[in-house]
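Take a look at the structure below.
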Amino acid sequence: MNGFLAVEHAVRGAAPHALLDAARAALVTHYEAASVDLLMADYGLTVLQPVTALPHTAQPLSLHASPEGRAFGSQEPYGQDAALDGAVDLHLPVTVRGDRLGILTVRLPKHRCTPQAVDELTDLAAFLGHEIVVAERDTDLYLQARRASRLTLAAEMQWQLLPGRSCSRDEYAIGAQLEPAYAIYGDNFDWATTADTLTLSVTNGMGEGIEASLLTNLAVNALRNARRAGIDIADQAALADQALYAQHHGEQHVSTLLLSFDLATGRAQVVDAGSPQLWRQRDKTVERIPFEAQLPLGMFEDTPYVPQDFAVLPGDRLIIVSDGVYATAGRDAEAYGERALARAIQAASLLPAAAVPRAVLRELTEHRGDTATDDELVVCLDWFGRNTPTTH
């Protein structure tokens, strides 16, 4: 059995909490690795947290100012001469279908750091990511390792509801981020794909704390239930509206933006039921795309929803933001506003979709100061189209 298959076999057979131990032992045996470490990106995308037997006992590394962070940002292997003579620290992205989980660092003797070994270890890091996603059903180890501090209960509920922070396939790439990462309550994003479609939703439940999180949980699961029944987005909105009204009788509602894309043509249908805004960057032009406003979900009984037509072209970048972004008051009490948001989107033009939300939110932090008073959500969708070379 060659080294690659031996490591894969060892990891596949390991207990959920022991994936790193199994990978480490196999890499030592088959690649002469001197050390193997797994680091997970924290919820705020600011540090890389080492996976240890007891999370938080090892020193986190900056996601923006470290060799490991460089590999995370570029999504390419990065080799660094180690302190020990004749050794190389190889930092490898741990990424699953575009969702950036962290970094696997393998210290190798320099003579073993061949192009073939780098390729094999890069593939093994991606394989480990897939195993981690499956293992998270049965262990808290990797979820704990993502925490730079304790989550509020509302934030715990929201992060468990999310599909991931990014994803990609040939036709598109998506990145999303929520702030304050450790204390969010009502904002949420969701997506699902089939062979021919992409459905994307952004929701904002009214209120604060647990009440907002519970409200959003009901809305998102109602939308998913309707979507999984094969229903179009107008009826998805209508059924979620009915579920929310039946529970709260109009006293609470959820602002929602629903989009459904045809992957072959880029044609889309949109239901705009509340506060999230859609922006588009096409070539060098950044502009808000307005839709006919419809009532938020759950406000009245049996509200009808009508989809609007929309289309994207290869090379388009769509940005969705919650009201916690565009309406945030700055130090001088001035709202963030459209010009400032357009500048932030333009400034992130060269970044991949997965990195754009964090960049826009950093610009927002400069505007408002350190303390967020509302959830802040940014979703970026880069559209490549079918049978078209990627442009980002």
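Bear in mind that the values in this text are calculations on the coordinates, not laboratory data. Predicted, not measured: the structure shown is a model, and the values here were computed from it. Ideal geometry is used to build each Cβ from the backbone, glycine not excepted, and the neighbour counts take in all protein chains shown.
Here are a few things to note about the model shown:
- Note on the stretch 193-226 and the stretch 1-45: Cα centroid distance 35 Å, given to the nearest whole angstrom.
- Order of HIS9, HIS91, HIS249 under a 10 Å beta carbon neighbour criterion, fewest first: HIS249, HIS9, HIS91
- 3J(HN,Hα) couplings calculated from phi for the stretch 311-320 with the Karplus curve 6.51 cos²θ - 1.76 cosθ + 1.60 (θ = phi - 60°) are, in sequence order, 9, 10, 10, x, x, 5, 10, 9, 10, 10 Hz; Gly and Pro show x.
- Compactness relative to 2.2 N^0.38 Å, alpha carbon Rg of the chain: 1.03
- Close amide H partners of VAL378, meaning residues 5 or more places away or on another chain with modelled amide H under 5 Å apart, are GLN177.
- Charge dipole (the chain, unit charges on Cβ, about Cα centre) - positive-most of VAL7, LEU381, LEU141: VAL7
- Virtual spin-label span in nm between LEU350 and HIS17, 7 Å along Cα→Cβ: 4.6
- Mean residue ellipticity at 222 nm, helices only, the chain: -10500 deg cm²/dmol; runs of at least 4 DSSP H residues each add -39,500 (n - 2.57), and the sum is divided by the number of residues.
- In degrees, nearest ten, helix 3-12 long axis to first principal axis of the chain (Cα): 50
- Less than 5 angstrom separates the built amide H of ALA41 from those of GLN49, GLY102, ILE103, all sequence-distant by 5 or more or on a different chain.
- Distance from the alpha carbon centroid of the stretch 271-325 to that of the stretch 143-159 works out to 29 angstrom.
- For the chain, the Cβ-based charge dipole about the Cα centre amounts to some 800 debye (Lys, Arg positive; Asp, Glu negative; other atoms uncharged).
- Rounded to the nearest 10 degrees, the inclination of helix 233-248 to the longest alpha-carbon principal axis of the chain is 80 degrees.
- Principal-axis analysis of the Cα atoms of the chain puts helix 19-31 at an angle of about 40° to the longest axis.
- Exposed-site-free run, longest, the chain (rule: trypsin sites (Lys or Arg not before Pro); DSSP loop; at most 14 other C-beta within 10 Å): 151-283
- For the stretch 175-258, GluC sites (Glu not before Pro) meeting the loop criterion (DSSP other than H, G, I, E, B) and having at most 15 other Cβ atoms within 10 Å: GLU208, GLU251.
- Around the Cα centre of the stretch 156-279, unit charges on the Cβ atoms of Lys, Arg, Asp and Glu (plus for the first two, minus for the last two) sum to a dipole of about 240 debye.
- Contact order normalised by residue count of the chain, Cα under 8 Å, 6+ apart, percent: 13
- Each residue in LEU381, LEU218 was given a count of other beta-carbon atoms within 10 angstrom of its own, and listing them fewest first yields LEU218, LEU381.
- Put simply, the amide H of ALA33, placed in the peptide plane, has neighbours under 5 Å in VAL28, leaving out anything fewer than 5 places away on its chain.
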